[in-house]
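Contents: one structure, followed by commentary.
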2 protein chains.
Amino acid sequence: MTSGSRIAVDAMGGDEGLAVMLAGVARARRRYEGTEFLLVGDEDAIRAGLDNHPGLSAASEVVHAPEIVSSEEKPSQAIRRAKTTSMGIAIDLVKQGRAAAAVSSGNTGALMAMSKLSLRTMAGIDRPALAALLPSLETDLVMLDLGANAECDMRNLVEFAVMGAAYARTALDLEKPRVALLNIGSEEQKGTDKVRDAAAKLRGAVHLPLAFKGYIEGDRLSRGDVDVVVCDGFSGNIALKTAEGTARFVGDLLKRAFSSSLRSKVGFLISRPATELLRSHLDPNNHNGAVFLGLNGLVVKSHGGANEVGVATAIGLAAKMVRDDLTRRISEDLQNFEAEAA
Amino acid sequence: MTSGSRIAVDAMGGDEGLAVMLAGVARARRRYEGTEFLLVGDEDAIRAGLDNHPGLSAASEVVHAPEIVSSEEKPSQAIRRAKTTSMGIAIDLVKQGRAAAAVSSGNTGALMAMSKLSLRTMAGIDRPALAALLPSLETDLVMLDLGANAECDMRNLVEFAVMGAAYARTALDLEKPRVALLNIGSEEQKGTDKVRDAAAKLRGAVHLPLAFKGYIEGDRLSRGDVDVVVCDGFSGNIALKTAEGTARFVGDLLKRAFSSSLRSKVGFLISRPATELLRSHLDPNNHNGAVFLGLNGLVVKSHGGANEVGVATAIGLAAKMVRDDLTRRISEDLQNFEAEAA
């Protein structure tokens, strides 16, 4: 098999255990025909687990890794063990060209540090970024950076916009994604210097496959007005987690309200299909998969608590990026942008 | 009447018009006995409106202002008309000592600019901050800065913590508020230099009337773990607006889900008291009133779209701050902190 269609999976990462990882990969294999897998981790345990998944077994190779990165481990410690851990070996398979992408549900900080160290930043990119899909009233949207870079300058924001747009073309199947910078007002003079400077630069890039829409404020993230939201990793991480926390908060209040009287309990039971619809729309497993953009290779971070469906979603994302050769796309877009800006 | 119990109200600001402002002030007057008001705006219109509120009429003085600051007006333009607008005159009444606090539902940027220019920053404070109350699973919490300063340094964050704690003691009736810095991780080495430095400084302040709790991430804002959340104005504004937007988003999804079938519509009608409870918990009118902290005088920003209840909430907040002499409290806390840190 060629590396073109092969995905390396850190089978040991994640809070839900090997069985859930394998079930997720098996599910993704059925959906993305022709994709093959390198399953990295404890060889005996993986082989035993594969007994339940004959289809996956036929499309996989097992790569033994003696160690695991724990979820509490500091990235600085984990990188010293890169060569012996399932996470580090999965990434290394991408570096060696044996796999086209790596997927892990393990420790985010360690995954980011190992990926940067092993795959290195793409030529022309100052810093890689962490991008994810968020639900909105319409389709999903891409948001980056979500915490890879606590501090960013103008150049970083512009590169994130170009990379995020390329990613949205693949992940959301859009021709010309609408891109906006996260800011604290919609008027031109609002925000910090770096955000204003990045906006000026992006307004000038008229030939890129993206439509620059200026600024977006936090309260409009879920309205479906834009497809890509660009920000520094500090405010992006805070926006993402605040959105998660608020959705949970509203859900908790709703639960509390529905159980406040017999009448409301009855109403809840009757309207259950409706609240299930809501739950499904917001379920992180249906939006799973954060991506490190700007590296010489594709790495997908699946949520630590992802279930079988969530793991399959993340693997599907990796398969799409491999299919569209995302790394090459980003590289071409950046070259075009530089040429246009020059 | 003495300035001690008097509140100046910009009667013309806000999207809901003079009648709603007056009804809100009248409602607050009934709740905060003994408070008197200076109602600033078009004299004839205010006098006509007061016919419906004899109790308020007896406790008020009307101060004529020929002009109004519009909601779209740039702060830089509005400050040139400070002396003739209802907003500017309300603030000036505080400066003159004729009122102890000013309340406006008008243009936030203009209110901030005029307040800074007229009242000036308190001695010992580098920059004022905008603080507001947010709902959580338990009681409300105070968050600052929410957009007055897009960029902040370590000193600003520390001062915000001291001011926010003083404010929480008044607004939430707490003796020793739990204070945390908004960050993108809970470990000590996470985030930006300024956040880490501010944490180190606050850990040393053991005699202040606050309990420093380290870092808080966006997903735990509504959990009720802390009473005061401190951040720069850029990420604070983004967190606040993302929380608002997400709550609205979940509400919209819920509405869509509830109207998706006859069954769910019936369930909704039965469980209406429950969803009303939720709506009331999240209604911004029940948490209305952002405060500019760090000025030589108290200024409260009421939400532009606040209804009668919302206006009364904001005025009540002003009345409490006046009662507790918040400006003096902040000044004393800062002096104690400086003395301790020295």
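The values are calculated or read from the model by the stated rules, or taken from the named source; none is laboratory data. Here the structure is a predicted model, which means the values were calculated and not measured. Methodologically, a virtual Cβ is constructed for each residue, glycine included, from the backbone with ideal geometry; neighbour enumeration extends over all protein chains shown. Heavy atoms of the whole protein, side chains included, go into the accessibility calculation; ligands, DNA and RNA do not. Shrake-Rupley method; radii C 1.70, N 1.55, O 1.52, S 1.80 Å.
Given the criteria among the hydrophobic types (A, V, I, L, M, F, W, C), touching a Leu at 6+ places or on another chain (Cβ under 6 Å) and buried (at least 22 other Cβ atoms within 10 Å of the Cβ), does A:LEU134 qualify? In short, no. Among the strands (runs of 3 or more DSSP E) lying completely within the range A:142-230, list those that include at least 2 residues that are in contact (Cβ under 8 Å) with a residue 60 or more places away in the chain and hydrophobic (A, V, I, L, M, F, W, C). Counting at least 2 such residues, we get A:228-230.
A single member of B:ASP232, B:ASP333, B:ASP227 is in the same structural domain as B:ARG196 (by TED's automatic domain parsing), under 17 Å from B:ALA168 (Cβ atoms) and under 21 Å from the mean Cα position of the chain (by Cα), and it is B:ASP227. The number of residues in the range B:3-48 being open to solvent by 10 Å² or more (accessible area, probe 1.4 Å) and either in contact with a strand residue (DSSP E or B) (Cβ under 9 Å, 6 or more places away or on another chain) or not polar (S, T, N, Q) (or both) comes to 27. The lone criterion from (1) open to solvent by less than 10 Å² (accessible area, probe 1.4 Å); (2) modelled with pLDDT under 90; (3) on the phi < 0 side of the Ramachandran plot left unmet by B:GLY289 is number (3). For the range A:192-207, does any single residue satisfy the condition of being β-branched (Val, Ile, Thr) and within 25 Å of B:ASN149 (Cβ to Cβ)? Among the residues of the range A:192-207, at least one is β-branched (Val, Ile, Thr) and within 25 Å of B:ASN149 (Cβ to Cβ), which makes the answer yes.
Being open to solvent by less than 70 Å² (accessible area, probe 1.4 Å) and assigned to a helix (DSSP H, G or I), is that true of even one residue in the range A:292-301? Steps first, please.
The initial filter retains those residues of the range A:292-301 that are open to solvent by less than 70 Å² (accessible area, probe 1.4 Å), namely A:292-295, A:297-301.
Narrowing the set further to residues that are assigned to a helix (DSSP H, G or I) leaves none.
Within the range A:292-301 (the criterion being open to solvent by less than 70 Å² (accessible area, probe 1.4 Å) and assigned to a helix (DSSP H, G or I)), the answer is no, since none of the residues qualifies.
Please work out if B:GLY88 is of a type in the set (Gly, Ala, Ser), assigned to a loop (DSSP other than H, G, I, E, B) and either crowded, with 19+ Cβ neighbours inside 10 Å or in contact (Cβ under 8 Å) with a residue 12 or more places away in the chain (or both). For B:GLY88, the condition - of a type in the set (Gly, Ala, Ser), assigned to a loop (DSSP other than H, G, I, E, B) and either crowded, with 19+ Cβ neighbours inside 10 Å or in contact (Cβ under 8 Å) with a residue 12 or more places away in the chain (or both) - is not met. Every condition in (1) open to solvent by 10 Å² or more (accessible area, probe 1.4 Å); (2) over 29 Å from A:GLY124 (Cα atoms) holds for A:GLY310 except the one numbered (1).
Report, by residue number, each residue of the range A:63-83 that is in contact with an Asp or Glu (Cβ under 9 Å, 6 or more places away or on another chain) and within 12 Å of A:MET12 (Cβ to Cβ).
Pass one, the range A:63-83, residues in contact with an Asp or Glu (Cβ under 9 Å, 6 or more places away or on another chain): A:63-66, A:68-69, A:71, A:74, A:81-83.
A:VAL63, A:HIS64, A:ALA65, A:PRO66, A:ILE68, A:VAL69, A:SER71 - these are the residues of the range A:63-83 that are in contact with an Asp or Glu (Cβ under 9 Å, 6 or more places away or on another chain) and within 12 Å of A:MET12 (Cβ to Cβ).
Every test in (1) assigned to a helix (DSSP H, G or I); (2) surrounded by fewer than 22 Cβ atoms within 10 Å (Cβ to Cβ) is passed by A:GLY304 save one, and that test is (1). Annotation: of all residues in the range A:240-286 being basic (Lys, Arg) and either part of a loop (DSSP other than H, G, I, E, B) or at the interface with another protein chain (Cβ under 7 Å from one of its Cβ atoms) (or both), the one that is least open to solvent (accessible area, probe 1.4 Å) is A:LYS241.
For the range B:220-228, state whether one or more residues are surrounded by fewer than 23 Cβ atoms within 10 Å (Cβ to Cβ), closer than 24 Å to A:ASN237 by Cα, of a type in the set (Gly, Ala, Ser) and more than 7 Å from every other protein chain (Cβ to nearest Cβ). Looking for residues that are surrounded by fewer than 23 Cβ atoms within 10 Å (Cβ to Cβ), closer than 24 Å to A:ASN237 by Cα, of a type in the set (Gly, Ala, Ser) and more than 7 Å from every other protein chain (Cβ to nearest Cβ), one finds at least one in the range B:220-228, hence yes.
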